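K.L.:
One structure, as structure tokens, below. Some questions next.
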Amino acid sequence: MAMNSILNPDDIKKALDAFKAADSFDHKRFFEMVGLKAKSAADVKKAFHVLDADNSGFIEEEELKFVLKGFALDGRDLTDKETKAFLQAADKDGDGKIGVDEFSALVRE
């Protein structure tokens with residue numbers, strides 16, 4: 001499943017354009033801009049599974065670096081600083097990865 005079957009492709013493009021600069025990524029604004037925050041819990045879970053590239057049931061730090069590519073192939077890689085900040089914001093249980101419930105809670109913040 002592609003992210004553009006869950007979210008509006010124009011919203012995805014606008015959000016990616018807004019965070020083109022390195023170290024500009026803000027997950028709260030991004031999730032709002034792409035329309036994910038307004039989606040149902042089921043759609044948020046679908047988005048999680050798109051981002052969980054290795055189907056482990058978690059988004060690990062290495063996958064998180066490429067999270068914008070999960071929204072569109074031309075999305076940039078997150079910087080190490082952005083990746084660590086994103087992980088720290090989402091990883092509530094401290095296991096070093098983001099589970100589906102942690103991801104859903106982060107989107108709803």
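The values are calculated or read from the model by the stated rules, or taken from the named source; none is laboratory data. If you're wondering where the values come from, they're calculated on a predicted model, not measured in any experiment. For neighbour counting, all protein chains shown are included, and Cβ atoms are generated from backbone atoms with ideal geometry for every residue, glycine included. Only protein heavy atoms, including side chains, enter the accessible area calculation; ligands, DNA and RNA are left aside. Shrake-Rupley method; radii C 1.70, N 1.55, O 1.52, S 1.80 Å.
K.L.:
Can you give the longest run of the chain that contains no trypsin sites (Lys or Arg not before Pro) sitting in a DSSP loop with at most 13 other Cβ atoms inside 10 Å?
P.N.:
So the longest stretch without any such site is 21-91.
K.L.:
Heavy-atom accessible area per residue, the chain, 1.4 Å probe: how many Å²?
P.N.:
54
K.L.:
For every helix of n ≥ 4 consecutive DSSP H residues, a contribution of -39,500 (n - 2.57) applies; sum these over the chain, divide by its total residues, and give [θ] at 222 nm rounded to the nearest 500 deg cm²/dmol.
P.N.:
After summing the helix terms and dividing by the residues of the chain, the value is -14500 deg cm²/dmol.
K.L.:
Tell me which of GLY57, ALA38, ALA72 sits at the most positive position along the dipole axis of the chain, charges placed on C-beta atoms (Lys, Arg +1; Asp, Glu -1).
P.N.:
So the residue we want is ALA38.
K.L.:
So which of LYS46/LYS69; LYS13/LYS84; LYS14/LYS39; LYS28/LYS97; LYS46/LYS81 end up more than 21 Å apart by C-alpha?
P.N.:
Those over the limit are LYS13/LYS84; LYS46/LYS81.
K.L.:
Quantify, in whole percent, the carbon and sulfur part of the accessible surface of the chain (1.4 Å probe; protein heavy atoms only).
P.N.:
Reported share for carbon and sulfur atoms: 53 percent.
K.L.:
Let me ask something additional. Over the chain, calculate the relative contact order: mean separation of alpha carbon pairs under 8 Å at least 6 apart, over the residue count, as a percent.
P.N.:
Once normalised by length, the contact order is 28 percent.
K.L.:
Answer rounded, prolate or oblate for the chain, using the Cα gyration tensor with square roots of eigenvalues a ≥ b ≥ c: rounded when a/c is under 1.5, else prolate when a/b is larger than b/c, else oblate.
P.N.:
rounded
K.L.:
Each residue of segment 52-63 in turn: what ³J(HN,Hα) in whole Hz from Karplus with 6.51, -1.76, 1.60 and θ = phi - 60°, glycine and Pro shown as x?
P.N.:
7, 4, 9, 6, 7, x, 9, 9, 7, 3, 5, 6
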